[in-house]
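The values are calculated or read from the model by the stated rules, or taken from the named source; none is laboratory data. Values in this document were obtained by computation on a predicted structure and should not be read as measured data. No Cβ is skipped: glycine too gets one built from the backbone with ideal geometry, and neighbour counts run over all protein chains shown. For accessibility, only protein heavy atoms count, side chains too; no ligands or nucleic acids. Shrake-Rupley method; radii C 1.70, N 1.55, O 1.52, S 1.80 Å.
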Amino acid sequence: MAVVFAGHTGVIHILLVELFPTRVRYSAYGLGYNVSSALFGGTAPLLMTYLIDRTGNVNMPAFYAVVTALGTLIAVSRVTDRAHLPLRDA
């Protein structure tokens, strides 16, 4: 699992930083990354416990992982490649 996560971690931070203009890059990255981690990662155990209790299906965490992976796939497919382009100033 750590090997798979390392591949994700090695790429996601570079991608997120490049989404923002240079002037607000680190503030926007830090705020966006940490708020989304708190919302989705912090509430996931509570949500999974609730959904397992309501449905009786112990596979709910797997369904949650698939749904969030599909959302990530959609988001990443909309990002344009900025390799070899100058940094934005504004």
(request) Considering only the stretch 53-90, state which residues are of a type in the set (D, E, K, R), in a loop (DSSP other than H, G, I, E, B) and exposed (fewer than 10 other Cβ atoms within 10 Å of the Cβ). (result) Arg78, Asp81, Asp89
(request) Please verify whether the stretch 17-28 includes one or more residues that are out of contact with any helix residue (DSSP H, G or I) (no Cβ under 9 Å at 6 or more places or on another chain), in contact (Cβ under 8 Å) with a residue 12 or more places away in the chain and not aromatic (Phe, Trp, Tyr). (result) yes
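Residues checked against (1) closer than 30 Å to Arg25 by Cβ; (2) free of Cβ contacts under 8 Å to residues at least 12 places away in the same chain; (3) polar (S, T, N, Q):
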residue: Ile52; (1), (2), (3): no, yes, no
residue: Asn57; (1), (2), (3): no, yes, yes
residue: Val66; (1), (2), (3): no, yes, no
residue: Thr80; (1), (2), (3): yes, yes, yes
residue: Leu85; (1), (2), (3): yes, yes, no
(request) Restricting attention to the stretch 16-30, report how many residues are part of a helix (DSSP H, G or I), open to solvent by less than 50 Å² (accessible area, probe 1.4 Å) and not small (Gly, Ala, Ser). (result) 4
(request) Given the conditions (1) under 22 Å from Val17 (Cβ atoms); (2) open to solvent by 60 Å² or more (accessible area, probe 1.4 Å), report the number of the one that Pro45 does not fulfil. (result) (1)
